[in-house]
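One structure is given here, and the rest of the page talks about it.
The values are calculated or read from the model by the stated rules, or taken from the named source; none is laboratory data. The structure presented is a predicted model; accordingly, all values stated were derived computationally and were not measured. Here Cβ is always computed from backbone atoms with ideal geometry, including for glycine, and neighbour counts include all displayed protein chains.
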Amino acid sequence: MKIQRFLEHHGVVSNPFAEEDAQTDPVFKDHCISGTYHPAWDKVYGEPGEPATSVVFGEKGAGKTALRLQIVRHLEEFNRVHPQERQFVIEYDDFNPFLDRFREKLPSRRRRPDLMLAEWRLWDHMDAILSLGVTSLVDRVLGQGTHASGTQRPEVERLDHWQRRDLLLLAAAYDRTLAEPIEGRWRRLARTLKFSTLKSQWPLVLGLLVTAAVLAILAAQGAWNQLWSRFPWPYLLVLAGWTPWLWRTWVSFWPAKALQRHCRVIDHRPWAISRLLALLPYREIAGQPLPNKDRTDDRYELLVKFQSVLRSLGYTGIVVLVDRVDEPHLINGASELMRQLIWSMLDNKFLKHPGLGIKLLLPIELGHDVDREERDFYQRARLDKQNMVPSLNWSGEALFDVANARLQACAKDGAQPNIRALLSDSISERRLIDSFRQLRVPRHLFRFLYRLLVAHSNAHTDEQPVWQISPETFESTLAIYLRDQDAFDRGRGAG
């Protein structure tokens, strides 16, 4: 018997339990994202106009990624309805590029994952977040890239001269894209912002003019043959003419070199960065912060500058979504490595920074590590002030509602299928809810129901179909799945 025929009999046009990952689940994205919520949704999402930090711990399959996608969707709707109170969303969920670049900048003897992550600090997280945010904003200003699709192009006319300078300074330090050379992109950004760089090029013009003038004088006097032996003054004049350019290049190169060394999660090219810094008037960037020291002070100042630019463009806050902490290839789900990566971010000053909301969607293993920490950790993190959800638990009743919501999302017009109609009348609703409670999370629920549909279909033929799943099939499939689930929990199965 075909699964599709069984589902169509109950008014369901496609299998609602075939997908397990919210990232690739069309049923969730198209239907359930705005109607099916975890009971802790309000605590995690908060008030969109006043972004706040939330710290959520949940086991695999509990719906952390689904929460992230729901937050993104709801903030997009909020931004559409409130154009002057928009929230700038940064999805910090792919750590691999930052970890790889960080690793490359360490000596070979410290590149083992545990030794490498022992070097990771809060300012590395801040650099990564600012890089994602600045790159996204530059994409939108230039009207290109995946970040710009479906978003309104910012009105850069709202920015004053100093905010345009700050955005160019941020772009020089943090804008990273593989779509085009960074120098050409930066120059296009300067033109879009109508920020003139001509005044900063006078040392180059002076050097060229002095060189041309000296050559013209030598040609007029016919002194080419005696240039090497009798005329030291031409060299001195040319050197004097190029001295301002050499000084400007020198004072731009060393901050760029320090930036390459101390901004460890981004692949900088010192000469490229120094050329960009040299295009900004020196008197305007002298004393301005750059991520060229091992400290958070400069990063906080740069974050404030980024927020100021965003505020003028209609974004009153920033929401950073941290997810998939266990997936980087250097971590591979190891609890100790995850702890080394994330613990530096649990700093109350950072988590409570004005106008910044950090949504930390963390594996449950880190929740267990929190319980074993000392007093200093709690004083620094102040998790009591961070809207913490200790465990993303699902009750049997909540999972029952999720199953029904997915069936109805895949129903044909006019049909109202429910999970009870698929099962024999002898299976009570209480037994069903108790069974779902044992499955704990939506991913296990979907896997179990998919297996149940397969087991029922394999037990019957198309010539003699049976339209309800028997108690025997239900109980045997549940027993096998719970055994596999227990093996997965102990790290000895695929789940």
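Observations on the model:
- Considering the stretch 186-282, the qualifying helices (runs of 4 or more DSSP H), each wholly inside and each with 3 or more residues that are at pLDDT 80 or above and under 40 Å from the mean Cα position of the chain (by Cα), run over 233-262, 270-278.
- Being over 24 Å from the mean Cα position of the chain (by Cα), outside the structural domain of LEU99 (by TED's automatic domain parsing) and surrounded by fewer than 19 Cβ atoms within 10 Å (Cβ to Cβ) holds for only one residue in GLN408, GLN379, and it is GLN408.
- For the stretch 413-448, a residue qualifies if it is more than 13 Å from LEU478 (Cα to Cα) and part of a helix (DSSP H, G or I), and the qualifying residues are ILE419, ARG420, ALA421, LEU422, GLU429, ARG430, PRO442, ARG443.
Quick grid of which residues meet (1) closer than 20 Å to PRO270 by Cβ; (2) touching a strand residue (DSSP E or B) at 6+ places or on another chain (Cβ under 9 Å); (3) surrounded by 19 or more Cβ atoms within 10 Å (Cβ to Cβ); (4) in the same structural domain as ASN348 (by TED's automatic domain parsing):
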| residue | (1), (2), (3), (4) |
| --- | --- |
| GLY143 | no, no, no, yes |
| GLU157 | no, no, no, yes |
| LEU170 | yes, no, yes, yes |
| GLY184 | yes, no, no, yes |
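- Taking first residues from the stretch 34-47 that are touching a residue at least 40 places away in the same chain (Cβ under 8 Å) and partners that are among the basic types (Lys, Arg), the Cβ contacts under 9 Å between residues at least 6 apart in sequence or on separate chains come to SER34/ARG73; THR36/ARG406; VAL44/LYS359; GLY46/LYS359.
- Qualifying positions in the stretch 56-86 - in a strand (DSSP E or B) and buried (at least 23 other Cβ atoms within 10 Å of the Cβ): VAL56, GLY58, ARG86
- Subset of the stretch 389-402 that is within 27 Å of the chain's Cα centre (by Cα) and buried (at least 18 other Cβ atoms within 10 Å of the Cβ) - its residue that is farthest from LEU445 (Cα to Cα): VAL389
- Filter pass, ILE480 being in contact with a helix residue (DSSP H, G or I) (Cβ under 9 Å, 6 or more places away or on another chain) and surrounded by fewer than 14 Cβ atoms within 10 Å (Cβ to Cβ): yes
- The residue that is farthest from GLN307 (Cα to Cα), among those in the stretch 106-119 that are surrounded by fewer than 21 Cβ atoms within 10 Å (Cβ to Cβ) and of a type in the set (A, V, I, L, M, F, W, C), is LEU115.
- Which numbered condition LEU341 misses (of (1) surrounded by fewer than 18 Cβ atoms within 10 Å (Cβ to Cβ); (2) in contact (Cβ under 8 Å) with a residue 60 or more places away in the chain): (1)
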